Amino acid sequence: MTVHPARDAAGKVVAGRTAYLIIHNTSEVVTADAGGTRVTRYPKGAVVFRDGRVQEIGPASELLRRHSEARPLNANGRLVTPGLVDAHTHMIFAGHRAMEHERLQRGADYSAIASEGGGIRSTVRATAAERPEVLEKNLANRLERWRASGCTTVEVKTGYGLTPSAELRLLDLVRSATHRVPLRVVRTALLLHAVPDEYRERRKQLLEVLVTETLPDIRRRDLASAIDAFCDATAFSVEECRTVLGAAKQLGLDVKLHADQFERNGGARLAAELGARSADHLECATDEDWRALAAADTVGVLLPAAALTLRLPLPRAEMLRESGARFAIATDFNPGTSAAQSLLECAAIAARMCGFTAEETLLAVTWNAAKALGVEGEVGHLNPGASGDAVMWECETLEELPYWMPAVRPDCVFVRGADLALPSVERRVWP
């Protein structure tokens, strides 16, 4: 996880007031408990930040008395929650695929579009042709848009390079872009996304290069904390994914997996076998697969915008509750199947499609999402010792967050205890 001084998308340091702060006069403060097992609600509560971390949370009357020297910030009866965590994005790319989206709406098959050179490969070509500084600036602007919508931690995957050298280039650009923005960025290398053209007849050689050269380079240079793969009939087999992800595990890297999106092919079971941080998509996973994920303590990440685009099902809340598995909700922001730019709106869609309660929805975009990234000790909740990442929302109750569409807007977003100025979201931040 990368944390840098607060800067705007132009690279300038953003002034924020921190050190010792108490947010009071809330409608309620809501957070997951330290273990992420339940949601705790503090009506008329308050939260104290000191030196960038949560010092205390509880009834406002008690905290105001104990922290009389803290700078008070009046929430004016608004809801306060932890900062949101988007656990799955493909945010570094060039171009768009609006024409392909139109074809999908007219009934075209996604795999057919891909076989014609569209899909992932069209974005790979556009990304390779774009100047590095433009890719970096666009990524920084997108991250600022996420902060403006209440996200304080965002995972950014590569994947639109395909070749080992191109993926390393993108990882370098992601790391550079994070110096421009104040939020937290978790970098993931999606090394198995689609087979590069030059390796179509040399798949084993691709795996060998990734295992013997690329993964050690990523580890040595600290370019990413996790490795991801797309396990699908159009991409990589279970065995191919096992080879690369198993090697990553041996190097001490976390692993994640795009699993069981278009058909049940063993991806979720592989994620459980490897003890992956998360298995993502899972539109075709069964209750048996979800129970395996629960046993392995692997988070299932639901991507409702992609499911909606591709007309794929999402699991029912009742089945997930019975499985005992943790689930998160993410945007899957990408130019092909999920052009969604609001995590909270994706959560509102998932709540309706699956039947989640407001408390389940909050856990899915805070503590559970943080666990999918391996940062649940630091973010995703407002328990003492956690990072001071929080959102003051333009609403009064937790139940409103998955209710309103378009999504509720933040009134104020705190990163490491600092109430930083929010960027303008009116300007265009897509290519």
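On a 1.4 Å probe surface of the protein chains, which of LYS249, LYS204 comes out largest in accessible area, and what is the full order?
So the residues, ranked largest to smallest area, are LYS204, LYS249.
Over the chain, what is the mean sequence separation of C-alpha contacts under 8 Å (at least six apart), divided by residue count, expressed as relative contact order in percent?
Result for the chain is 22 percent.
What list of ³J(HN,Hα) values in whole Hz, one per residue of segment 34-51 in order, does the Karplus curve 6.51 cos²θ - 1.76 cosθ + 1.60 (θ = phi - 60°) give from phi, with Gly and Pro shown as x?
Residue by residue, segment 34-51 yields 4, x, x, 8, 7, 9, 10, 10, 10, x, 6, x, 9, 9, 10, 10, 9, 6 Hz.
5 Å is the cut-off here: which amide hydrogens, built 1.01 Å from N in the peptide plane, fall below it relative to THR89, excluding neighbours closer than 5 in sequence?
Here the answer is GLU155, LYS157, since their amide H atoms fall under 5 Å of that of THR89.
Of THR286, THR243, ALA233, which is farthest on the positive side of the dipole of segment 212-288, counting Cα position, with +1 on Lys and Arg Cβ, -1 on Asp and Glu Cβ, and the Cα centre as origin?
Looking along the dipole axis, the top candidate is THR243.
Which lysines, if any, have their Cα less than 29 Å from the Cα of LYS137, not counting same-chain residues under 8 positions apart?
Cross-link targets: LYS12, LYS157, LYS256, LYS371.
Taking only protein heavy atoms into account and a 1.4 Å probe, give the accessible area per residue of the chain in Å².
38
Please list, in chain and number order, the residues 5+ apart from ALA328 or on another chain whose amide H is under 5 Å from its amide H, with Hs placed from the backbone.
Correct list: GLY300, VAL301, LEU302.
Starting at the first residue of segment 55-65, write each ³J(HN,Hα) from the Karplus equation 6.51 cos²θ - 1.76 cosθ + 1.60 with θ = phi - 60°, in whole Hz, x for Gly and Pro.
9, 7, 9, x, x, 4, 4, 6, 5, 5, 6
Take LEU308, LEU257 and sort them by solvent-accessible surface of the protein heavy atoms, 1.4 Å probe, largest at the top.
Order by accessible area, largest first: LEU308, LEU257.
Work out how much length THR234 to GLU69 would gain on full extension: take 0.36 nm times their residue separation and subtract the Cα-Cα distance, in nm to one decimal.
53.4 nm
Could you tell me the accessible area of GLU102 in Å² (1.4 Å probe, neighbours in place), rounded to the nearest ten?
Probe radius 1.4 Å; accessible area of GLU102 about 80 Å².
Based on Cβ point charges of +1 for Lys and Arg and -1 for Asp and Glu, what charge dipole magnitude is obtained for the chain about its Cα centre, in debye rounded to the nearest 20?
So the magnitude is around 1000 debye.
Relative contact order for segment 216-272: what percent, with Cα pairs under 8 Å and sequence separation of 6 or more?
38
Which FRET efficiency value, to the nearest 0.05, is calculated for ALA421 and SER111 with the Förster distance at 41 angstrom and r the Cβ-Cβ distance?
Efficiency at R0 = 41 Å is approximately 0.35.
With a ≥ b ≥ c taken as the square roots of the eigenvalues of the C-alpha gyration tensor of segment 84-235, please select rounded if a/c is under 1.5 and otherwise prolate if a/b is larger than b/c or oblate if it is not?
Oblate, because a/c is 1.5 or more while a/b does not exceed b/c.
Using a 10 Å cut-off on Cβ atoms, rank the peptides 347-356, 218-227, 53-62 from the highest mean neighbour count down.
Packing order, densest peptide first, comes out as 347-356, 218-227, 53-62.
Please report the carbon-and-sulfur percent of the accessible area for the chain; probe 1.4 Å, protein heavy atoms only, DNA, RNA and ligands left out.
On the chain, the fraction of accessible area on carbon and sulfur atoms equals 50 percent.
Enter the Cα centre distance for the pair segment 115-133 and segment 318-342, rounded to the nearest angstrom.
Centre-to-centre (Cα) distance: 25 Å.
With both partners inside segment 278-431, how many of the DSSP beta bridges are antiparallel, as a percent to the nearest 5?
Within segment 278-431, antiparallel bridges account for around 55 percent of the total.
Between ALA128 and THR357, what is the FRET efficiency for a Förster distance of 35 Å, r being their Cβ-Cβ separation, to the nearest 0.05?
For ALA128 and THR357, the calculated efficiency is 0.20.
Taking a probe of 1.4 angstrom, what is the accessible area of TYR403 in Å², to the nearest 10?
That residue has around 130 Å² of solvent-accessible surface.
What full-extension length gain, to one decimal in nm, is calculated for ALA98 and ASP172 as 0.36 nm per residue of separation minus the Cα-Cα distance?
Here the segment from ALA98 to ASP172 would lengthen by 23.9 nm.
If you take percent of Cα pairs over 36 Å apart from the coordinates, which of (1) 22; (2) 31; (3) 28 do you get?
Given (1) 22; (2) 31; (3) 28, the structure-derived one carries the label (1).
Out of all DSSP beta bridges with both ends in the chain, state the antiparallel percent to the nearest 5.
Taking every DSSP beta bridge with both residues in the chain, the antiparallel ones total about 50 percent.
Using 0.36 nm per residue of separation minus the Cα-Cα distance, give me the extension gain between GLU394 and THR37 in nm, one decimal.
Here the segment from GLU394 to THR37 would lengthen by 125.9 nm.
Size of the dipole of segment 99-210 about the Cα centre, Lys and Arg at +1 and Asp and Glu at -1 on the beta carbon, nothing else charged, in debye to 20?
It works out to roughly 340 debye.
Below 8 Å, C-alpha to C-alpha, sequence gap of six or more: please give me the relative contact order for segment 199-336 in percent.
Relative contact order for segment 199-336 comes out at 17 percent.
The values are calculated or read from the model by the stated rules, or taken from the named source; none is laboratory data. Remember, it's a predicted structure, so these values are computed and weren't measured experimentally. Here Cβ is always computed from backbone atoms with ideal geometry, including for glycine, and neighbour counts include all displayed protein chains. Heavy atoms of the whole protein, side chains included, go into the accessibility calculation; ligands, DNA and RNA do not. Shrake-Rupley method; radii C 1.70, N 1.55, O 1.52, S 1.80 Å.
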